[in-house]
1. So what's the net charge close to Leu41: Lys and Arg +1, Asp and Glu -1, counting the other residues with Cβ under 14 Å from its Cβ?
2. Under 18 Å between alpha carbons, and skipping anything fewer than 8 positions from Lys98 in its own chain: which lysines qualify?
3. For region 27-137, build the convex hull from the C-alpha positions and give me its volume per residue in Å³.
4. Work through the residues other than Ala110 whose Cβ is under 15 Å from its Cβ and net out their charges, Lys, Arg +1 and Asp, Glu -1.
5. How high is the relative contact order of region 31-129, in percent, with contacts defined as C-alpha pairs under 8 Å that are six or more residues apart?
6. What ranking of His66, His76 emerges when the number of other C-beta atoms within 10 Å of each C-beta is taken as an exposure proxy, fewest first?
7. What does the highest-first list of 69-75, 116-122, 56-62 look like by mean Cβ count within 10 Å?
8. Simple spin-label model, 7 Å along Cα-to-Cβ: Val124 to Tyr34 in nm?
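Read-outs throughout are calculated quantities, based only on the coordinates presented, and are distinct from any laboratory measurement. Treat the numbers as computed from the prediction; the structure is a model and nothing was measured. Glycine gets a Cβ as well: all are built from the backbone with ideal geometry, and neighbour counts include every protein chain shown.
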Amino acid sequence: MRNFDLAPLYRSAIGFDRLFNLLESGQSQGNGGYPPYNVELVDENHYRIAIAVAGFSEPEIEITSHANVLIVKGAHQAADKERTYLYQGIAERNFERKFQLAEHIQVQGAKLENGLLYIELERVVPETLKPRKIEIK
């Protein structure tokens with residue numbers, strides 16, 4: 001993958017440094033795409049994230065949202081008995097997946113169903129930021 005030098009953009013775009021930092025950090029994700037996930041646009045203001053968390057139970061999954069970052073962590077409890085696998089095709093490693101949320105995106109809830117973790121998101125724009133019609137007198 002190519003690396004792009006974003007330095008010239010820093011000189012001419014004011015206030016977009018956070019966006020450029022996201023672009024730079026997104027080029028090298030260390031988690032290798034585990035666990036796989038989908039981001040779905042349900043309607044204009046609703047989104048759904050589906051994360052494949054097969055083998056994890058509800059107490060082993062932690063979801064936190066802070067400062068426009070959604071963090072989903074999965075950590076297995078310590079195994080009581082050591083297993084001997086002849087073939088292990090199901091990944092049982094712990095994970096941490098971060099999602100950068102746009103402004104006014106709020107987490108509405110989450111549910112675990114058939115090995116998929118669904119996280120519901122909604123864009124809630126304050127009334128002061130919505131367009132309003134100005135009457136001409």
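1. Around Leu41, the charge tally is -3.
2. Reachable lysines: Lys73, Lys111.
3. Roughly 147 Å³ of hull volume per residue.
4. -3
5. Relative contact order of region 31-129: 32 percent.
6. By the 10 Å Cβ count, ascending: His66, His76.
7. Ranking, from highest mean packing down: 116-122, 69-75, 56-62.
8. Reported label-point gap for Val124 and Tyr34 is 3.6 nm.
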